[in-house]
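Enquirer: The following block contains the structure, expressed as structure tokens.
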Amino acid sequence: MTGITFDSPTARRPGAPGRVLSTAVVVLLLGLLLVFFVLPVIWLLLAPSKTAGQIVSDPPLSFGSFSQIGAAWKHLTSFQNGALLVWLKNSAVYSGASLLLTLATSVPAGYALALTKFRGRKTLLMVTLVTMIMPSATLVLPIFLELNKFHLIGTVWSIILPFSFYPFGVYLVYIYFATSLPREILAAARIDGCSEWQIFTHIALPLAKPVIGLVAFFSFVGNWNNFFLPYLVLPDSNEFPIQVGLNQLLSSTPSFNPVAGAGLNITVPELALAIIIAILPVLVLFLFSQRTLVSGMLAGATKE
């Protein structure tokens, strides 16, 4: 038979080169993610199991021994008579107290901005939004001057009060109540004689549990990881949170600070172990609050 042609497989699949290119891009991105994010984390987890000399001589991703982890822990906890444990306790106090104040202020503020009408409401919303998107470092100087004016420098309140100011939480709560809280329920409650406080505590708060959990998580993580403000306002090492303490450990490690002196017992394995300990509370909180975080991020996505 003549006049009959057969298409090649490539001709029948004009999108094949595009799919190959897409696959190559995905593989490249995953490779970059592995190199720049995953491998450093694996190295950090393995570093406390080796001595300082083994870190230099042994393969980077090799495991040392469990006994060396115990030795690193012993050396780390003996630094400045157990300063690491004091720093962890300080971080827990600062973050926990600030979290309670954040929830006590952000949730009612977001509710009021979403469901009440008053003069200056739009201006207050705009100020909240602008403050939320400003880098936190830009507010350190005015906060420092304000704390100094009230003689709070060096006290726990110089950390707790600024940490409690959380405009992002106010805006999250505002968005949730403005989009997801059924107005019919509120109207029915008012007809039944409920006061505004009863409506807020018995209706709004139970329905807002997902977004409250989201605000609580981000507030706690932000407070736990905050470094700049505590570094400026806390002069005493016994008042440092863990993040400022890690900076002191880093400056006390001869490998990173040659002028620190060789007599100090803090080396790279102890420093790596301290970093792991510092991130464990946030990791545990994340693992136990994943369902709440997902619910909070989806809250307000749909409107009944």
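Enquirer: Multiplying the sequence separation of Val26 and Val221 by 0.36 nm and subtracting their Cα-Cα distance, what value in nm do you get?
Expert: 67.1 nm
Enquirer: In whole Å, what is the distance between the alpha-carbon centres of region 152-181 and region 54-130?
Expert: Each part reduced to its Cα centre gives a spacing of 14 Å.
Enquirer: Could I ask something else about it? In terms of Cα to Cα distance under 25 Å, which lysines are near enough to Lys122, apart from those fewer than 8 places away along the same chain?
Expert: Lys303
Enquirer: Rg and Dmax in Å for region 10-162, alpha carbons only: what are they?
Expert: In order Rg, Dmax, the Cα atoms of region 10-162 give 26.1, 78 Å.
Enquirer: Also, quick follow-up: What does the accessible area of Trp224 come to, in Å² to the nearest 10, when a probe of 1.4 Å is used?
Expert: In the full protein context, Trp224 sits at about 10 Å².
Enquirer: Follow-up. Going by Cα centres, region 206-226 and region 16-37 are how many Å apart?
Expert: Here the two parts' Cα centres lie 34 Å apart.
Enquirer: Please grab the % of Cα pairs in region 85-135 that end up more than 14 Å from each other.
Expert: Counting every Cα pair in region 85-135, those more than 14 Å apart make up 66 percent.
Enquirer: Mean projection of the alpha-carbon convex hull of the chain over all orientations, in nm²?
Expert: Hull-based average projected area comes out at 29.1 nm².
Enquirer: Okay, helix-only estimate at 222 nm for the chain: each DSSP H run of n ≥ 4 adds -39500 (n - 2.57), divide by all residues, round to 500 deg cm²/dmol; what do you get?
Expert: -20500 deg cm²/dmol
Enquirer: Between Arg19 and Asn148, what is 0.36 nm times their sequence separation minus the Cα-Cα distance? Round to one decimal in nm.
Expert: Contour length minus Cα-Cα distance gives 40.3 nm.
Enquirer: Can you pull the semi-axes for region 132-196, root of five times each eigenvalue of the Cα gyration tensor, sorted largest first, whole Å?
Expert: Square roots of five times the eigenvalues give 38, 16, 7 Å.
Enquirer: Pick from Leu34, Leu113, Leu100 the residue whose mean-square fluctuation is largest in a GNM of the chain, springs joining Cα atoms under 10 Å.
Expert: Of Leu34, Leu113, Leu100, the most mobile in the Gaussian network model is Leu34.
Enquirer: Test of understanding: what is the full-extension gain from Phe286 to Ala187, defined as 0.36 nm times their sequence separation minus their Cα-Cα distance?
Expert: Additional length available on full extension: 31.9 nm.
Enquirer: Let me ask another. Can you tell me which of Arg183, Arg119, Arg19 moves the most in a GNM of the chain? Springs connect C-alpha atoms under 10 Å apart.
Expert: Arg19
The values are calculated or read from the model by the stated rules, or taken from the named source; none is laboratory data. Every value quoted in this text rests on a predicted model; they were computed, and no experiment measured them. The accessibility values were calculated without ligands, DNA or RNA, using every heavy atom of the protein model including side chains. Shrake-Rupley method; radii C 1.70, N 1.55, O 1.52, S 1.80 Å.
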